[in-house]
Amino acid sequence: MTNMTAVAAERPPVSIITGYLGSGKTTLLNRLLRDPGMARAAVIINEFGEVALDHLLVATPNDNTVLLANGCLCCTIRGDLVGTLSRLLAQRGAGGIPAFDRVLVETTGLADPVPVLRTLASEETIALRLRPGAVITMVDGVNGEGQLDDCPESVKQAAVADCLLISKTDIAAPSALGRLRKRLTRINPGAQVLDAVRGAVAPGLLFGTALVDPAAEREAVERWLNEEAYAKAEPVHRAGRHGDRIRAFAVRHEAPVTGAGLAAWLNLMATLKGANLLRVKGIINVEGSPVVVHLVQSVIHEPLTLESWPSADRNTRIVFITRGMARAESEATLPALGLDAKRRAAGAAIDPAAYARFVSAAAGFGSADRRQERRR
């Protein structure tokens, strides 16, 4: 498990700007790139044709990279994201490319942000040199309600966000905005919700929503987890064509857990429950040490050990945003956290008692599925 202070210092963050078609991602990106604090950013977009940056272009070092007037590096995705990030890292600080201190990835309106997060977490050449930043989701203040009803992509984009940015609030009806805010809070109670008229928002408000360095600010961990908001969350049941079926809730586990148990729980959750896990965040008491965990569907971000507990609370606390997965189903998986791989009879390859405990704990991951089968 990685020490978070070292991670924050050595690897630039990669933040994702996503949102449904017409939500204002391009407008936001243009405003962000005018901010002096963003002068050392690398920006990856899907195609230049979608972004009105012509007035900022000053040079073209290669076919898919441009330097902007403010010093930012801007790049189109031609091929896979791994190749694009690898090229940027290889040329960072050399060959006329600035030594960027952050990366922004703008997705298309129909894109699922999870593959980007999977790349950052699972591609070793990328994960060792870059770290996940904030996921910023633009939501159309005028059309957002209808998009959440009719477009499953927009629901998922909202569910995985650290920050939800509502656009067009200057022209949207106040009553519609009120309904939209309530809907977004139900889908993702832990996210910060901000307004952005024509993309105007301070960068620090956006990028500060990701967990960066809790050693420098202990309160950042509590804000990132935001357990209180999940405790008050209500289920979302909409009659839209796709129906949200979103549940958000928080669970607690009092006893310290083992490192082996945490690894087993994370892997079983990602493998057996990943399709229904839109987002999972937690602070886990691993044999007395606070460990931060973060899952997005089947993507497991590297667990990070904090330098100190962010509060006097030493319990394991986990918040969930799920699609059709109830609190009881999540709580049934928690016994896996107590598995102890060290307890093994001398000379035995596998301790029968330990294996029996594993089988018993793993059973909790399929209990709901078996109940549904019996009902059929």
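The values are calculated or read from the model by the stated rules, or taken from the named source; none is laboratory data. Please read all numbers here as calculations on a predicted model, not as lab measurements. All Cβ positions, glycine included, derive from the backbone under ideal geometry; neighbour counts span all protein chains shown. Areas reflect the complete protein model, heavy atoms only, side chains present, ligands, DNA and RNA absent. Shrake-Rupley method; radii C 1.70, N 1.55, O 1.52, S 1.80 Å.
In this simple spin-label approximation, Asp35 and Ala173 carry label points 7 Å from Cα along the Cα→Cβ vector, and these lie 3.3 nm apart. With the cut-off at under 20 Å, measuring from each backbone N in region 249-281 to a point 7 Å along the Cα-to-Cβ line of Arg314 picks out 252-262. The alpha-carbon atoms of region 61-170, seen along their principal axes, cover 47, 33, 22 angstrom, with the largest extent given first. Relative to the 2.2 N^0.38 Å rule of thumb, region 247-340 has a C-alpha radius of gyration ratio of 0.99. Using a probe of 1.4 angstrom and keeping all protein chains present, the accessible surface of region 242-314 works out to 36 square angstrom per residue. Once both labels are positioned 7 Å from their Cα atoms along Cα-to-Cβ, the gap between Asp195 and Asp101 label points is 3.1 nm. Hey, with R₀ at 30 Å, roughly what FRET efficiency would Ala202 and Ala363 work out to, going by the Cβ-Cβ distance, to 0.05? The calculated FRET efficiency here is 0.05. Between Ser289 and Ser122, the simple spin-label model (points 7 angstrom out along Cα→Cβ) gives 2.6 nm. Judged by the mean number of other Cβ atoms found within 10 Å, the most tightly packed of the peptides 184-190, 154-160 leads the ranking 154-160, 184-190. With the highest mean first, a sort of the peptides 264-273, 140-149 on other beta-carbon atoms found within 10 angstrom per residue produces 140-149, 264-273. Of the cross-linked pairs Lys182/Lys273; Lys168/Lys281; Lys25/Lys232; Lys25/Lys182; Lys25/Lys156; Lys182/Lys281, those separated by over 19 Å at the C-alpha level are Lys182/Lys273; Lys168/Lys281; Lys25/Lys232; Lys25/Lys182; Lys182/Lys281.
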